[in-house]
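Derivation of every value follows stated rules applied to the coordinates shown; laboratory data play no part. Everything numeric in this text was worked out from a predicted model, so none of it was measured. No Cβ is skipped: glycine too gets one built from the backbone with ideal geometry, and neighbour counts run over all protein chains shown.
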Amino acid sequence: MNARSQVFELSVEGRQIEEVVASIFHTLLFHRTLGKFRYKQEGSYSIGTVGMVDVDCDFVDFTYVRASSSDLDLTIRREIAAFRDMLRSSGGGSSGQISLEFYQKKRARWPFPAECIPWEVWTVKTDVISLANEHERQIHREKVGELLAEKIMYIADVMNRHEYVPKMPNQSELDLVFDTNFQDVQPYLFKISYQTTGPPTSSVGNTMRKFIKDTLAF
């Protein structure tokens, strides 16, 4: 099975890395998370609710919604912070990418481990830029907010399409489809991976700098 793949490219300041990635990943997980399953007997179950929390960004003019699970939030933020630290350790002008992959497991014959089969992958590519002054930073935070709004609307559109998601499992196979380690929510199985790619090779950063200079020229 070929996994669906989506890629977003964004130019950000170092201080915006966490908020930009978190707004995208939390939006995805809000759509890919259910309440806890409570089985009465095999084939008969109820599903709990998923609360939501509004999150106001500090360095981007943007507000996003996440599931009201502190454990899930902590898990996501821990991975994003590690990605941020890796980018910062690479020096100024670095770029990198971080991916959120949804997968399901397929049991294998003993003694082999279960096979992990990805079915959807979302990647955020970041180009870290430095701006000269506070005026440029203000323009940039507004522009990034506008871009994030476009990305979130696109995610909502994708989630409303009738595309493959794993079918609801029976109780004995629940952990082949969902992550059951969280106390209050049950997201589809997912993992986060990231890497840095050194100095940016794409034109995303140059395009953003040109946009800011053109804006200042008016």
**Message:** Placing unit charges on C-beta atoms (Lys and Arg positive, Asp and Glu negative, everything else neutral), compute the dipole magnitude of segment 105-197 about its Cα centre in debye, rounded to 20.
**Reply:** 440 debye
**Asked** GNM, the chain, Cα, under 10 Å: largest mean-square fluctuation among S99, S46, S90?
**Response** S46
**Prompt:** When N is the residue count of the chain, what does its C-alpha Rg come to as a fraction of 2.2 N^0.38 Å?
**Reply:** 1.14
**Item:** Per residue convex hull volume, Cα atoms of segment 56-159, in Å³
**Value:** 148 Å³
**Prompt:** How far is it, in nm, from the label point at A114 to the one at V53 when both lie 7 Å from their Cα along the line to the Cβ?
**Reply:** 2.8 nm
**Message:** Once the convex hull of the alpha carbons of segment 1-62 is built, what does its volume come to per residue, in cubic angstrom?
**Reply:** 120 Å³
**Prompt:** Considering amide H positions built from the backbone, and no H for Pro or chain starts, which residues 5 or more places from L189, or on another chain, come under 5 Å of its amide H?
**Reply:** Y103, F178, D179
**Request:** Using only alpha carbon pairs under 8 Å that are at least six residues apart, calculate the relative contact order of the chain and give it in whole percent.
**Result:** 31 percent
**Distant-in-sequence amide H partners of Y45 (H built 1.01 Å from N, under 5 Å)** = K40
**Item:** Using a Förster distance of 25 Å, the FRET efficiency for N160-D85 (Cβ separation, nearest 0.05)
**Value:** 0.10
**Message:** When a/c reaches 1.5 or more, the comparison of a/b and b/c decides; with that in mind, is segment 139-182 rounded, prolate or oblate per its Cα gyration tensor?
**Reply:** oblate
